[in-house]
Amino acid sequence: MHKLIASLGFLVAVLSLPAQNELWLESVNLPLNSGLQSYAHGEHQGKWYLFGGRLDGLHRRQPWASFDNAGHNEEIWVIAADTTAYKLSLSGISTTKFDQLRSTNINFYQLGDYLFLVGGYGISQASGNHISHPYLSIIDLSQLASLQAGDSIPDAAVQQIYDEDFAITGGSLKRLDSTFYLLGGHRFDGRYNPMNGPSFTQTYSNAVRRFQLSGNFPNLTVQWDSSFIDPNLLHRRDYNVSPEIREDGTMGLVAFSGVFQVQNDLPYLNAVRINQTGISEIPNFSQYYNHYHCANVAIYDPYNKAMHHLFFGGMAQYFDQNGVRTQDNNVPFVKTIARVSRDSLGQFQETKLQVEMPALLGSGSEFFIAPGIIEYEPGIIDYSRLNGDSILIGYIFGGIESSAPNIFFTNTGTQSNATAKLYKVWMIKSQLQIGAVEIEQKSPKLPWQLAPNPGGRPQIWYPAPEASGTFKVVFRDESGKLIWQEEWIHNNPDLSGHFDINPQELNTGIYLVSLYLNDELLSLQRWIRN
């Protein structure tokens, strides 16, 4: 348990963290006779449109059997209203569009009605081989809205732009301001071979490739910007990239884990922050769970300036066994649901939740934010706008479901499958608690004291602030429930101050008290009312 008492030599930052039993999953049956994994998706008018991906489970080891033609998804899956599902055909579009839209591990991002697809790995009819497709495809989802089951999408609904720098699979496509970010991944051409035989060539991008688009659909053009290149930090693929609101309120991205380390065939345990000015490794942080791509969602708590990233299942080098973190360098399938949180001072920590996935699944699945959930920024749930207690925050669909943790060396194609399962993800807001991270700080910005402690009617004492401003004190119980808060204005920055506290709501017990100045957290203290 983290220390909760602040001293003059330490600043304690609030993390408004969901408790370990904050979530529960509800299974939903869809009218589908097969599943899908490692797909791209967009949303339009309450419908999810799923492109590419694989119809089978974990790829086999033999080059002739891995990523075979039968496993390609040659339809667009449409899912709506929890219970409705149907498929559209790709037969009406040109060959290069068809091949890319049925590939797997496509990098994708949605902006308005348009879904942007970059790269992806699969069969090229032109070359007669497996390739990473060198295209950016832009899909106008509004042109698919009126189509019925079995209809073919019009060729005019897809604009495709050729560039060899788009030949990336297993990376991630995001957007900051008006610039697209193609993060990491690799170019993989030929048939997979775990013994590194001559059946393929592979080149990691080691970069964040950035570009902008100009014009109007279907006449968009690409302008490349400078890339961020780092052969160590960006030598990764098949990982999770999540948006974040940074400590200063600006937008950024975080690249979590992924494979493979430059010197070892093992996942990365570090993470990388990316924004418009460059990249940086997160110091003093290791991510032990959820190493491969899996369903994930970002949640921002603007009140405490804290980010939370939830990861659901997948594959990882570590898992918990009887409460003990256990290492398996075969990187098995896991049930783990974990959270990575960042506080207002930029400190990251990982927590494994008690709730788990209902099976060994999650790898290659995706998370869909529920209708009605307010997003602080696109892809980031606004925690302060979650109303109620048990809240449906989203859905998890598809992915690989495995019959055992380690099946790679015995895989004949029957030990795993692409699942058709859909899960509702509920958050129980009343189960929230406050965690605190103790951070060494030689010069606290504004040390303050709550006294007497223990006591009945305390006062807050603080030295002269640098400027006039608004103070706010917040009392929560040990479970994290808000009990009382009040604001006051300090007009004279040359004078120290104090504030009398006499709320009727404070019964005998232990409280976590945080003090803010102009909405910036100063620190948190533990106080006992007698």
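Quick note: the coordinates plus some simple rules give every number you see, no bench work behind them. Note that the structure is predicted; figures quoted are calculated from it, not measured. With ideal geometry, Cβ positions are generated from the backbone for all residues, glycine too; neighbour counts draw on all protein chains shown.
Below are the figures for this structure:
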{"quantity": "Distance violations [Cα-Cα > 23 Å] among 97/174; 174/352; 47/421; 47/305; 87/174; 47/335", "calculated": "174/352; 47/305; 87/174; 47/335"}
{"quantity": "Cα Rg, Dmax, the chain, angstrom units", "calculated": "25.0, 80"}
{"quantity": "DSSP-loop GluC sites (Glu not before Pro) across region 17-76, with at most 16 other Cβ within 10 angstrom", "calculated": "74"}
{"quantity": "Given charges at beta-carbon only (K, R positive; D, E negative), |dipole| of the chain in Debye", "calculated": "820 debye"}
{"quantity": "Counted charge near residue 182, where neighbours are those whose Cβ lies closer than 10 Å (Asp, Glu -1; Lys, Arg +1)", "calculated": "+2"}
{"quantity": "Likely footprinting exposure, 158, 334, fewest C-beta neighbours within 10 Å first", "calculated": "158, 334"}
{"quantity": "Lys/Arg +1, Asp/Glu -1 at C-beta; the chain dipole; positive extreme among 67, 161, 250", "calculated": "67"}
{"quantity": "Whole-angstrom Cα spans of region 436-529 along principal axes, big to small", "calculated": "36, 29, 22"}
{"quantity": "For q = 0.14, 0.18 Å⁻¹, Debye-computed log10 I/I(0) when each Cα of region 92-157 counts as one equal scatterer", "calculated": "-0.43, -0.69"}
{"quantity": "Point-to-point label distance, residue 275-residue 91, nm (Cα→Cβ direction, 7 Å offset)", "calculated": "5.2 nm"}
{"quantity": "Potential extension, residue 410-residue 152 segment - 0.36 nm per residue separation minus Cα distance", "calculated": "89.0 nm"}
{"quantity": "Contact order normalised by residue count of region 17-433, Cα under 8 Å, 6+ apart, percent", "calculated": "16 percent"}
{"quantity": "Estimated inter-spin distance, residue 163 and residue 518, nm [label 7 Å along Cα→Cβ]", "calculated": "4.1 nm"}
{"quantity": "Karplus-derived HN-Hα couplings along region 353-362 (A = 6.51, B = -1.76, C = 1.60, θ = phi - 60°), whole Hz, x at Gly and Pro", "calculated": "7, 6, 5, 10, 5, x, 7, 6, 8, x"}
